[in-house]
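What follows is a single structure, written as structure tokens, with notes after it.
Just so you know, all these numbers are worked out from the coordinates, no wet-lab data involved. Note that the coordinates shown come from a computational prediction; the quantities given were computed from them, not determined experimentally. No Cβ is skipped: glycine too gets one built from the backbone with ideal geometry, and neighbour counts run over all protein chains shown.
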Amino acid sequence: MQVILKKMLISNPVVAFKDESISAVLENKLNKYNHIPVINKEGIYLGIISKLDIYRHLINGNKDIKVAEVLTPFKGVELKERGLSLLEELLELLKGSKYLFIPVVYQDGKLAGIIPNKEILKLFGKSIGFDEPGEIIEVTSLDLVGNLSKLLNVFKELRVNIIAINVLNLEVLNLRKIFVKFEGDTAIKEKILKRLEMYGFKPF
């Protein structure tokens with residue numbers, strides 16, 4: 001997964017330094033972007049600054065204040081070896097983000113680069129087989145032991161081949177959202193959904 005992370009990474013993004021004035025950053029760095037990462041002189045990632053953040057202060061005549069006083073702390077994803085949890089971590093950060101990228105940091109806290117949101121969505125699409133022929137169902141279920149086995153058994157009983165499956169924790173009422181890409185048509189899709197509803201799964 002670290003290899004995948006590096007492939008999506010923009011390793012030399014435009015950055016603001018925490019000691020720069022917000023007016024200088026707006027004129028020289030945010031003229032082409034809506035928001036950029038903030039680092040200190042050692043390269044340690046500190047957060048993100050946006051045009052909107054700066055405009056709010058400039059309206060009040062605070063053009064000489066420093067980036068450090070305006071930036072918004074925002075967690076980045078660490079560049080390290082990991083398993084399938086990477087995609088879930090990226091999607092979790094994306095879900096709570098108002099920015100167009102996710103920062104990536106080394107284990108020492110230095111900025112490694114940024115990953116555009118569109119690359120994360122592409123990775124998610126591949127993980128559930130969007131680029132493969134077939135049908136997709138989306139259902140929610142309670143996060144209970146044995147529920148995923150019930151879902152897989154439905155496909156087994158109907159003799160349907162699964163291409164890809166992805167499970168996301170919604171963190172709402174202990175729910176999971178499950179995406180399944182499978183070989184089949186709309187007719188078999190309806191049969192699968194009816195059978196899944198019998199087991200308590202809800203179409204999303």
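Cα axis of helix 147-157 to longest principal axis of the chain: angle in degrees, 0 to 90, nearest 10?
On a 0 to 90 degree scale, this one is about 50.
Okay, helix-only estimate at 222 nm for the chain: each DSSP H run of n ≥ 4 adds -39500 (n - 2.57), divide by all residues, round to 500 deg cm²/dmol; what do you get? Let's see the in-between values first.
Details: 7 runs with 69 residues, N = 204.
Per the formula, -10000 deg cm²/dmol.
Return the FRET efficiency for the residue pair LYS66, LYS122: r is the Cβ-Cβ distance, R0 is 30 Å, and the value is rounded to the nearest 0.05.
That gives a FRET efficiency of 0.25.
Could you give the nm distance between label points at GLU42 and LYS177, where each point is 7 Å from its Cα heading toward the beta carbon?
3.9
For the stretch 95-193, what does the relative contact order come out to in percent, with C-alpha contacts under 8 Å and a separation of six or more?
27
Roughly what angle does helix 85-95 make with the longest principal axis of the chain, taking Cα atoms, 0 to 90 degrees, to the nearest 10?
Between the helix axis and the principal axis of the chain, the angle is about 60 degrees.
Exceeding 19 Å between C-alpha atoms, which entries from my cross-link table qualify? They are LYS98/LYS118; LYS126/LYS150; LYS32/LYS110; LYS7/LYS181.
Working: LYS98/LYS118 14 Å; LYS126/LYS150 24 Å; LYS32/LYS110 24 Å; LYS7/LYS181 25 Å.
Over 19 Å apart, Cα to Cα: LYS126/LYS150; LYS32/LYS110; LYS7/LYS181.
When you take every Cα atom in the chain, what is the radius of gyration, and what is Dmax, the widest Cα pair distance, in Å?
Final numbers for Rg and Dmax: 21.8, 69 Å.
On a 0 to 90° scale, report how tilted helix 117-127 is relative to the longest principal axis of the chain, with both axes built from alpha carbons and the result rounded to the nearest 10.
Computed tilt is about 20 degrees.
³J(HN,Hα) across the stretch 41-58 via Karplus (A = 6.51, B = -1.76, C = 1.60, θ = phi - 60°), whole Hz, x for Gly/Pro?
5, 8, x, 6, 6, 10, x, 10, 10, 10, 4, 4, 4, 5, 4, 4, 7, 5
Kindly state, to the nearest 0.05, the FRET efficiency for LYS6 paired with ASP131, given R0 = 22 Å and r defined as their beta-carbon distance.
After rounding to 0.05, the efficiency reads 0.55.
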